[in-house]
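Novice: Handing you this structure, nothing more for now.
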Amino acid sequence: MILRSTAVYKLLHFYAAHGADADRPKPDYYLSRQTAWEGVADGSELNSLIEQSGAKDPMCLASRLCRDYTPALSGEVGYLWSCQETLGEAIDTYLSYMPNQMPGLTISKSVENGVVTLGYRVRGNGYSHLPTLCVPLMAREITTASGAQIEMAGSASPLVSKAALRFDAQHLGARMPRNDPYLVALMDEHIPQPEPLFAAKSTLEALESHLEKELSNGGEPRIDNVAEALGTSTRSLQRILASEDRTMSEVKDSMRHDRATELLTQTTTPIKSIATELGYASVSAFYRAFGRWENCSPGAYRKRYRRGPVALSDVGAT
């Protein structure tokens with residue numbers, strides 16, 4: 001659940017050494033090896049551990065993580081989650097600690113028509129498995145606290161890997177079973193807000209973040225305006241894109257694709273409104289672009305990939 005925690009990585013190391021079907025590791029495994037696993041693994045190490053784990057696919061591995069993981073393994077922040085008064089306060093605490101903890105990672109919360117959506121998004125392929133692994137862990141914790149029925153979905157593209165969970169907003173008021181006001185107050189006083197592990201963003205990451213904001217607001221960003229917003233010149237930005245063998249148009253197209261699939265699968269926003277939000281001059285232009293991306297219409301894509309509630313038993317909840 002807590003991405004910054006080394007607990008998930010310790011479990012992955014355990015699976016890599018003993019197999020995903022091995023018995024749950026003993027508590028002293030985490031204590032005796034604490035100093036060996038300080039810090040957060042990079043993308044290549046994460047992918048290597050997943051390959052060595054013996055799990056057939058990321059969802060199978062997520063099932064094992066759900067079996068063996070508890071928030072306490074995440075240390076102080078895990079306890080801070082567990083000890084909040086309500087589920088809503090626990091989630092808000094989680095969100096206050098987790099943003100910007102890994103390169104390209106975004107965790108968002110939204111409430112629409114009485115439904116809460118928690119979304120995990122990772123830009124680039126280095127950490128592409130994280131959303132798929134961590135959303136079931138969060139789903140398990142939410143269900144344990146509130147009994148909420150969880151709906152989960154995910155997708156991946158060359159630019160973005162993402163997953164999300166949804167549940168009825170009425171469960172935000174559920175009382176956390178291990179609520180401890182004294183411990184919350186103590187930890188609030190002594191746990192500093194974490195500094196981002198990767199504070200400096202590359203120009204390309206900054207470009208993607210800026211474009212995402214502009215496209216979400218229905219803008220049509222031009223390269224000269226974007227370069228000015230990023231504090232660089234148009235020429236420098238073009239050179240940076242060329243070094244990545246990309247163009248501004250390709251980046252915008254990829255981000256529109258990502259945003260379109262997100263809106264189609266995670267919201268009930270009408271297709272006409274999606275076209276407008278993405279900056280298309282007409283619905284037909286959006287249909288043509290979407291057909292090029294997915295070889296189907298937006299409506300067919302929504303019907304195919306908008307999933308119903310998923311039973312947590314399917315992902316190893318206990």
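Novice: Among the residues that make up the range 191-209, is at least one of them modelled with pLDDT of 70 or more, of a type outside the set (Lys, Arg) and over 30 Å from Ser273 (Cβ atoms)?
Specialist: Within the range 191-209 (the criterion being modelled with pLDDT of 70 or more, of a type outside the set (Lys, Arg) and over 30 Å from Ser273 (Cβ atoms)), the answer is yes, since at least one residue qualifies.
Novice: Which count do you get for residues in the range 152-188 that are within 17 Å of Lys109 (Cα to Cα), modelled with pLDDT under 90 and either surrounded by fewer than 21 Cβ atoms within 10 Å (Cβ to Cβ) or more than 20 Å from the chain's Cα centre (by Cα) (or both)?
Specialist: Of the residues in the range 152-188, 2 are within 17 Å of Lys109 (Cα to Cα), modelled with pLDDT under 90 and either surrounded by fewer than 21 Cβ atoms within 10 Å (Cβ to Cβ) or more than 20 Å from the chain's Cα centre (by Cα) (or both).
Novice: Can Arg292 be described as open to solvent by less than 60 Å² (accessible area, probe 1.4 Å), part of a helix (DSSP H, G or I) and among the basic types (Lys, Arg)?
Specialist: When the stated conditions are applied, Arg292 does not pass them.
Novice: Then there's this: Which of the residues belonging to the range 219-251 are in a loop (DSSP other than H, G, I, E, B), within 14 Å of Glu208 (Cα to Cα) and either over 27 Å from the mean Cα position of the chain (by Cα) or hydroxyl-bearing (Ser, Thr, Tyr) (or both)?
Specialist: Answer for the range 219-251, where residues must be in a loop (DSSP other than H, G, I, E, B), within 14 Å of Glu208 (Cα to Cα) and either over 27 Å from the mean Cα position of the chain (by Cα) or hydroxyl-bearing (Ser, Thr, Tyr) (or both): Arg222, Thr247.
Novice: On to the next question. Any idea which residue in the range 63-98 is most open to solvent (accessible area, probe 1.4 Å), counting only those that are outside any helix (DSSP H, G or I) and modelled with pLDDT of 80 or more?
Specialist: That would be Glu85.
Novice: Which of the residues spanning the range 1-55 are exposed (fewer than 13 other Cβ atoms within 10 Å of the Cβ), at pLDDT 65 or above and more than 23 Å from the chain's Cα centre (by Cα)?
Specialist: Hits for the range 1-55 are Ala17, Asp21, Asp23, Arg24, Lys26, Pro27, Asp28.
Novice: While we're on this one: Report the residue count in the range 230-266 for those that are within 18 Å of Trp293 (Cβ to Cβ), surrounded by 14 or more Cβ atoms within 10 Å (Cβ to Cβ) and among the polar types (S, T, N, Q).
Specialist: 4
The values are calculated or read from the model by the stated rules, or taken from the named source; none is laboratory data. Quick caveat: nothing in here was measured; it's all calculated off a predicted structure. Reconstructed Cβ throughout: ideal geometry from the backbone, glycine too, with neighbour counts over all protein chains shown. Heads up: the accessible areas ignore ligands, DNA and RNA and are worked out on the full protein's heavy atoms, side chains in. Shrake-Rupley method; radii C 1.70, N 1.55, O 1.52, S 1.80 Å.
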